[in-house]
Amino acid sequence: MLTNLAQQPADALLALIKLHNADPRANKIDLGVGVYRTEEGATPVFAAIKAAEAKLVQQQDSKAYLGPEGDMGFVTALMPYVFGAANPTMDGRIEGMQAPGGTGALRLAFAVAKRAGVKRYWMGTPSWPNHAQILADLGLELKTFNHATKAGTVDMPALRAAIAEAGEGDAILLHGCCHNPTGIDYTPADWDEIAALVAAKKLLPILDLAYQGLGKGMEEDAYGLRRVLAAVPEALVAYSCDKNFGLYRDRVGAFYLMLADPAGLGAAMSNAHALARASWSQPPDHGAAAVRLILADAGLTAQWLAELDTMRERMRQVRAKLGAAGKAGTADLSPMGSQNGLFSITPLTPEQVLAIREKHGIYMAGSGRINVAGLTMANIDQFIAAVADVTG
Ligand code: LMR
């Protein structure tokens, strides 16, 4: 039976890591998978994480199981950052659990919504390819709408039309900030409108917050999520610490569920616990424990936030330079200057993406997405010239 299994294509984005590693050219540029890079092109462990890990080695006296919910100290410590320090549980209406990365949290959110009877999921496209993959793997129906216009703004008319067409009880997936892959985020005014529309249509919002702090700031990047949660009775949140704590391979995420009445939280969350138990059983501990230690220590928290500020500022400078470049060949780079987070979409065709890789050693996703953190003041002119060459 097993020999009948058909060959599956490798995940295109993850395959790019290997292709880039195998390229012997000294001036190659990796703009593929979404990891932050320094001006030197490195993805170092945060100093705050290193310090927390040292503490963890000293303090941890057992590695016995914690249960499907993982490290609840970590889950609770994150809540003021996600939901606001003034009312981090929304009057006791939110409960969470740890999940293996943002992907684990998303899978749990989609599966919990399915158990609750959600039949259709709405999502703006393009989106992170794994969103559709997880939904397909769970056998869920996906309806899409256009996320962004050619002019580089959010396509609010498409979103309004999708919500008008959606039925009560459908779920809608919304990127909280730093839209992956476009970098084109909703404005606060857009979020105000979205919150009202989602509430009026009685949709279940699923908020994916994977890049908090990498857009405009920790508070600013949570605006939309908080606005939507304030407007609706129920919501699900998938949170990732992979980027804003640099914990990628340690797989650190959290899943939160909000209900109108806190009395039902125990029963609702027991479904998430059961689904986790039947899938990964219990999440990996190490990274979440390190985050908990950072958030429990004012000095380490300040250090972490300063490191995050440095990352955001570096990306802002790269974006400013891209934006100022204007046109490279026929590709207009100027909208990238005002976009957010790690990603932007170039107008390169799949053929041009291949050409820029083969001719110039520049690796980007087939969709034309670039990880702007792969650009530095030393290689950005090379990138702009290469874009001009393949599009000109
Ligand atoms: C990305 O989009 O590059 C990241 O979210 C990494 C991933 O797992 O795809």
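Coordinate-derived values only; no laboratory data. These numbers were taken from a predicted model, which means no experiment stands behind them. Please note: Cβ atoms are built from the backbone with ideal geometry, for glycine as well, and neighbour counts cover all protein chains shown.
For the chain, the longest principal axis of the alpha carbon atoms and the long axis of helix 156-165 meet at an angle near 40°.
Where does the charge balance sit around Ala162 when Lys and Arg score +1, Asp and Glu -1, over other residues with C-beta under 12 Å from its C-beta?
Details: positive: Arg120, Lys143, Arg160, Lys201; negative: Asp155, Glu165, Asp170.
The answer is +1.
Within the chain, antiparallel bridges make up roughly 50 percent of the DSSP beta bridges whose residues both belong there.
By counting other Cβ atoms within 10 Å of each Cβ, how are Lys63, Lys321 ranked from fewest to most? Working shown, then result.
Numbers: Lys63 8, Lys321 19.
Taking fewest neighbouring Cβ atoms as first place, the list is Lys63, Lys321.
For the chain, the longest principal axis of the Cα atoms and the long axis of helix 350-360 meet at an angle of about 60 degrees. Judged by the gyration tensor of its Cα atoms, with axes a ≥ b ≥ c, region 247-392 is prolate; a/c meets the 1.5 cut and a/b is the larger of a/b and b/c. With contacts taken as Cα pairs under 8 Å at a separation of at least 6 residues, region 198-300 carries a relative contact order of 22 percent. Between Phe145 and Met123, Gly124, Thr125, the built amide H atoms are under 5 Å apart, and every one of these is 5 or more places off in sequence or on another chain.
If you model region 92-203 as an ellipsoid using its alpha carbon gyration tensor, with each semi-axis the square root of five times an eigenvalue, the axes come out at 22, 17, 15 Å, biggest first. For Lys327, the residues whose amide H sits under 5 Å from its own are Leu333, ignoring neighbours fewer than 5 places away on the same chain, with H placed 1.01 Å from N. Rounded to the nearest Hz, the phi-derived 3J(HN,Hα) couplings of region 32-47 under the Karplus curve 6.51 cos²θ - 1.76 cosθ + 1.60 (θ = phi - 60°) are x, 4, x, 10, 5, 10, 7, 4, 8, x, 9, 10, x, 5, 4, 4, where x marks glycine and proline.
Can you pull the percent of Cα pairs in region 36-126 with separation above 21 Å?
Values: 2344 of 4095 pairs.
So the pairs more than 21 Å apart make up 57 percent of the total in region 36-126.
If every alpha-carbon in the chain counts as one equal scatterer, what log10 I(q)/I(0) does Debye give at q = 0.08, 0.14 1/Å? Ignoring solvent entirely, the Cα scatterers give -0.42, -1.29. Amide hydrogen proximity for Leu203: with H placed 1.01 Å from N in the peptide plane, the residues at 5 or more positions away or on another chain lying under 5 Å are Gly169.
Coupling constants for region 73-84 follow from the phi torsions by the Karplus curve (6.51 cos²θ - 1.76 cosθ + 1.60, θ = phi - 60°), and in residue order they are x, 5, 4, 6, 5, 6, 4, x, 6, 7, 9, x Hz; glycine and proline get x. For region 1-99, averaging the sequence separation of C-alpha pairs within contact (under 8 Å, six or more residues apart) and dividing by the residue count gives a relative contact order of 17 percent. Taking the DSSP bridge list for region 65-296 and keeping only pairs wholly inside it, about 45 percent are antiparallel.
The angle between the Cα long axis of helix 380-391 and the main principal axis of the chain comes to about 70°, on a 0 to 90 degree scale.
Whole-Hz Karplus values for region 283-295 come out as x, x, 8, 3, x, 5, 5, 5, 4, 4, 5, 5, 6 Hz, taken residue by residue from phi with 6.51 cos²θ - 1.76 cosθ + 1.60 and θ = phi - 60°; glycine and proline positions read x. Using the Cβ of Ala105 as centre and a radius below 11 Å, the other residues enclosed give a net charge of 0, where K and R count +1 and D and E count -1. Here region 316-375 and region 9-75 have alpha carbon centers that stand 24 Å from each other.
Annotation note: trypsin sites (Lys or Arg not before Pro) in region 150-228 located in DSSP loop regions with a Cβ neighbour count of at most 10 within 10 Å are Lys150.
What's the Kirkwood radius of region 65-296 in Å, using all Cα pairs?
Working: mean 1/r = 0.0573 Å⁻¹.
Roughly 17.4 Å, rounded to one decimal.
Across q = 0.12, 0.15 Å⁻¹, region 192-302 modelled as identical point scatterers on its alpha-carbon atoms has Debye log10 I(q)/I(0) values of -0.53, -0.82, in the order of the q list. So if I take the centroid of the Cα atoms in region 226-285 and the same for region 106-163, what is the distance between those two points in Å? Going from one Cα centre to the other spans 18 Å. Over the chain, dividing the summed -39,500 (n - 2.57) contributions of all DSSP H runs of at least 4 residues by the number of residues returns a 222 nm mean residue ellipticity of -13500 deg cm²/dmol.
Which residues make up the longest stretch of the chain that has no GluC sites (Glu not before Pro) in a DSSP loop with at most 11 other Cβ atoms within 10 Å?
Details: sites that count: Glu40, Glu168.
No qualifying site falls inside 169-392, the longest such stretch.
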